1. Mind listing whichever residues of segment 247-278 are among the small types (Gly, Ala, Ser), farther than 27 Å from Tyr393 by Cα and loosely packed, with under 12 Cβ neighbours inside 10 Å?
2. Considering only segment 370-389, how many residues are over 19 Å from Arg278 (Cα atoms) and either aliphatic (A, V, I, L, M) or in the same structural domain as Arg43 (by TED's automatic domain parsing) (or both)?
3. Looking at the structure I just gave you, is Ser60 more than 21 Å from Asp426 (Cβ to Cβ), surrounded by 19 or more Cβ atoms within 10 Å (Cβ to Cβ) and within 13 Å of the chain's Cα centre (by Cα)?
4. For Phe154, are the conditions met, namely being outside the structural domain of Asp355 (by TED's automatic domain parsing), surrounded by 19 or more Cβ atoms within 10 Å (Cβ to Cβ) and modelled with pLDDT of 50 or more?
5. Could you grab the pairs with beta carbons closer than 8 Å, sequence gap of 6+ or different chains, first residue in segment 212-235 and touching a residue at least 60 places away in the same chain (Cβ under 8 Å), second one of a type in the set (Ser, Thr, Tyr) and outside any loop (DSSP other than H, G, I, E, B)?
6. Could you give every pair whose Cβ atoms fall below 7 Å, whose first residue belongs to segment 236-254 and is on the phi > 0 side of the Ramachandran plot, and whose second residue is in a loop (DSSP other than H, G, I, E, B) and modelled with pLDDT of 85 or more, counting only separations of at least 6 or pairs across chains?
7. Does segment 241-266 hold any residues that are assigned to a helix (DSSP H, G or I) and closer than 17 Å to Tyr325 by Cα, and which are they?
Amino acid sequence: MKEQILKTVHERPLTPSLNIRGGEIKHKIYFSINGEGYGHSSRALAIAKQLHPEEVLLGSYGYSLKRLESTGLPTIEITPEVSFVGKDGSFDIGLTILKNSSWPVAINQIINEERKIIQNYGITCVVSDSRTAPIFAASKLGLPCILLTNQTTFAPFFDVEINDLEDSLIEKSFKDWLRTGTKAVLTNAAEPFVLKVVQDWLKAADEIFIPELPPPNSICLPLLCNENFVKKKQRFIGPLLPWSWKSIVQNHDKNFLPPEYHGFKKKIVCTLGGHRYRKPLFDTVLLLAKIMPDVLFIILSDFKSDLNLPNLYKVGFVNNPAEFYLNADLVITQAGHSTAMELITLGLPMLVIPDCGQVEQESNARRLCELGIASRLSYKDLKTDTMYSMVQYMLNEPSFLNHVNNLSKLAKNYMAEKEAVRIIRDYSTRIQAY
């Protein structure tokens, strides 16, 4: 009897038996994507395209949703979390807070919406690009959730509103000052609540992907939280690009442009999108083309003009501007993070004109200049002669190209999409392993 007991104990595993399902593990990754701008959908798609279509569900809204639908991957429409408000090209946090005064109630409804999506589709890992609701929903369900963002602190947004109030004491009428002051008071009152939500959001995420080069070469460095509870979760995975730089470079056709433009030795690409408040920049570039006939200006924008010049190529909006970038010596653009990472990877200097009052773009612009790969021009200083001087200097100063080529070499060492997929699948596997 004693021998039988000992034999039974000996044969029993030292740890509980795991029902490893192996081949039965099925990944279902849900990407909940901020629909403001193209950058969020670009970097989410960079990861999603590395997965099998059956493993993917893409959620967004507006024109970003249409872009996602065009890929043929499974999509679902979701509710925007915040309605952003701007005036004369400037993001206005005060007006945004006023317009979203019912946000505490609305966000709970959106969290429930996200929770139902996660449950109905059998999601095994959630990737949120700059959205709070999917992180809270996944956390409540005990599912792995990864935040994809280039910003983990939002205090600078509130600093701008107070600075506007100080400026208005001198520059604005009493009526405008009163309006600005009222918004500043409301913004100041909302700040603790907003920052508390952000803190809870960051705590709920299992991991934070920063689609960037690591410090000290990070563009978004001033916009990253300095708290250890956030820093320990952050992973600098490198640039997430909507295309393979190797494929783009290897297949690049030097005669990509129409024949009539082949003779130009210097080429400038100007990418503007179609926001109406960027029209002054569009008009200034047209005037610049008039006084620089030896330089080809390639305009990627929805803006229209009757002006026709031999050195002006108006392309319109394009989904993939990489081929145009490769034909450029300089790119005139806003200081959007995703565009900056694309241009750094391709090794192109930039003249950046950040949207007025857009804190993230203005921070990015400063960092790009600090790294020696860009010059910055504000809308207040947007004059043809000023831009002419800056463009001439950048086209003839080799230091910009040298600095950006150094960063380009670093960026090309990363395989951000594959690293992201490896981590996502690992999280997804953990909850299915037994």
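1. Ser247
2. Looking only at that region, the number is 3.
3. Judged against the criteria, Ser60 is not a match.
4. Spelling it out, it is not the case that Phe154 is outside the structural domain of Asp355 (by TED's automatic domain parsing), surrounded by 19 or more Cβ atoms within 10 Å (Cβ to Cβ) and modelled with pLDDT of 50 or more.
5. What qualifies is Cys220/Ser363; Pro222/Ser363; Leu223/Ser363.
6. As it stands, the answer is Gly238/Leu213; Gly238/Tyr414, since those pairs meet every condition given.
7. Trp245, Lys246, Ser247, Ile248, Val249, Gln250, Tyr261
Every residue, every condition in (1) under 26 Å from Ile47 (Cβ atoms); (2) free of Cβ contacts under 8 Å to residues at least 12 places away in the same chain; (3) in contact with a helix residue (DSSP H, G or I) (Cβ under 8 Å, 6 or more places away or on another chain), yes or no:
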site	(1), (2), (3)
His337	yes, no, yes
Leu351	no, no, yes
Val391	no, no, yes
Met415	yes, no, no
Arg422	yes, yes, no
Ala433	yes, no, no
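The values are calculated or read from the model by the stated rules, or taken from the named source; none is laboratory data. Every value quoted in this text rests on a predicted model; they were computed, and no experiment measured them. All Cβ positions, even for glycine, are placed from backbone atoms using ideal geometry, and neighbour counts span all protein chains on display.
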